[in-house]
Amino acid sequence: MSVTAAKGFTAAGVAAGIKQNGNPDLALVVNNGPRSAAAGVFTSNRVQAAPVQWSREALTDGHVSAVVLNSGGANACTGPEGYQDTITTAQRAAELLGRGVEEIAVASTGLIGVRLPMDKLLTGLQTAAGQLSEHSGEKAAIAIKTTDTVHKTAVYQGDGWTVGGMAKGAGMLAPGLATMLAVITTDADLPSAVLGKALRDATRTTFDRVDSDGCMSTNDTVLLLASGAAEVAPAEEEFAEAVRTVCADLARQLIGDAEGASKDIRIEVTGADSETDAVEVGRTIARNNLLKCALHGEDPNWGRVLSAIGTTSAVFDPDRLNVAINDVWVCKGGSVGEDRSLVDMSGREVRITADLAAGTESAVIWANDLTAQYVHENSEYSS
């Protein structure tokens, strides 16, 4: 049930006509309380969409009671008029739900630089408000898709409390703090400060370590809302792990649905001097287009892994580097290791382990291969 798995939440997903193909394109998620604690993380791109600017401000007091999400248009780089469109959206939602406008978050995804058809959006918003249901979480998840081929949801059941979530994303997956759009809900009774810490910690090791194509969106938004309807306050550590589990599940689904991908690549960097080094090396490997093409062709070209590592500022000795591809150590001590013909790359998942032999820290980055289909999809995206 996605975002409505937790008590106290209703949702809706409708076709408002924002997308020309007539597919669902407007979602509404409402927290019916009794609490309205919330937290969020957003893109670190300096070019930020109007809904990101608005929602960041709405969260300053730690309370949000509803989220309006649309696909079919990012409302980014649309000037003062676009920002006013976001305000108008929040105002209309507030009127329909009987809430304060400052309690409404807004999130958008789609093509940058195009104004939203506000007449259709506002009419669709009224329809969505009339269809709110605790059984419509899946419809909301479907309505936020753009180039996604499947909708993405996850649920964690605690002892008398629940965390649920939905996310969208298939391209521009290389974020700072968030990945595309995600809404996570819980019926646990916790304050916004606890939510914020749990969300920041979770996104740091999940969404922030998904790196599909090295392109960071202007609209990345992850929101965590708490209704308190379960009347249970779990231990902060237990709750944080639940949020991390849901975020990790959603992040893995994002990579699995990346545009045109035929391989999901798990890059684990071990033996690093620091976690920062491990993340830098993992992300650099993930963004190496030569390697991504090789993996698409099922070529275990470990030399491209080493050449990527060599461009980083991480601490390492080139003569001590080790690389495994699908558990075969094809590179040992910075030179030829086991026979590369032993590497079986016929499956969907490719596992790369890069051992820097410089310390004890590690990190995992998820990426995918580079395919002709990715080029095809993105060459025709706005036409």
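General remarks:
- The stretch 247-271, residues that are modelled with pLDDT of 95 or more, within 11 Å of the chain's Cα centre (by Cα) and crowded, with 23+ Cβ neighbours inside 10 Å: Cys247, Leu250
- Hits in the stretch 340-383 (condition: more than 21 Å from Glu268 (Cα to Cα) and either out of contact with any Gly (no Cβ under 6 Å at 6 or more places or on another chain) or buried (at least 17 other Cβ atoms within 10 Å of the Cβ) (or both)): Ser341, Thr371, Ala372, Tyr374, Val375, His376, Asn378, Ser379, Glu380, Tyr381, Ser382, Ser383
- Some residue of the stretch 209-230 being open to solvent by less than 10 Å² (accessible area, probe 1.4 Å) and in a helix (DSSP H, G or I): no
- Residue within the stretch 100-109 that is assigned to a loop (DSSP other than H, G, I, E, B), closer than 16 Å to Thr146 by Cα and either touching a residue at least 24 places away in the same chain (Cβ under 8 Å) or among the charged types (D, E, K, R) (or both) present: no
- Of all residues making up the stretch 357-376, the number that are within 22 Å of the chain's Cα centre (by Cα) and assigned to a loop (DSSP other than H, G, I, E, B): 3
- Matching residues in the stretch 23-36 - criterion: being open to solvent by less than 50 Å² (accessible area, probe 1.4 Å), outside any strand (DSSP E or B) and closer than 17 Å to Asp148 by Cβ: Pro24, Asp25
- Scanning the stretch 199-213 for residues that are in contact (Cβ under 8 Å) with a residue 60 or more places away in the chain and either out of contact with any helix residue (DSSP H, G or I) (no Cβ under 8 Å at 6 or more places or on another chain) or more than 26 Å from Asp148 (Cα to Cα) (or both) returns a single hit, Arg200.
- Of the residues making up the stretch 43-82, those that are over 21 Å from Asn31 (Cα atoms), assigned to a loop (DSSP other than H, G, I, E, B) and of a type outside the set (S, T, N, Q) number 7.
- All positions within the stretch 86-117 that are open to solvent by less than 30 Å² (accessible area, probe 1.4 Å), closer than 27 Å to Met216 by Cβ and aliphatic (A, V, I, L, M): Ala90, Ile104, Ala105, Val106, Ala107, Leu116
- Against the test of being acidic (Asp, Glu), free of Cβ contacts under 8 Å to residues at least 12 places away in the same chain and farther than 30 Å from Tyr374 by Cβ, the options Asp119, Asp61 yield a single qualifying residue, Asp119.
- For the stretch 219-242, filtering for residues that are touching a helix residue (DSSP H, G or I) at 6+ places or on another chain (Cβ under 7 Å), touching a residue at least 60 places away in the same chain (Cβ under 8 Å) and more than 18 Å from Lys7 (Cα to Cα) leaves 3.
- Output for the stretch 27-68, where each listed residue is of a type in the set (Asp, Glu) and out of contact with any Asp or Glu (no Cβ under 8 Å at 6 or more places or on another chain): Glu57
The values are calculated or read from the model by the stated rules, or taken from the named source; none is laboratory data. Given the structure is predicted, the values throughout are model-derived calculations rather than measurements. Cβ: placed from backbone, ideal geometry, glycine included. Neighbour counts: every protein chain shown. For the accessible areas, the whole protein counts, side chains as well, though only heavy atoms, and no ligand, DNA or RNA atoms are used. Shrake-Rupley method; radii C 1.70, N 1.55, O 1.52, S 1.80 Å.
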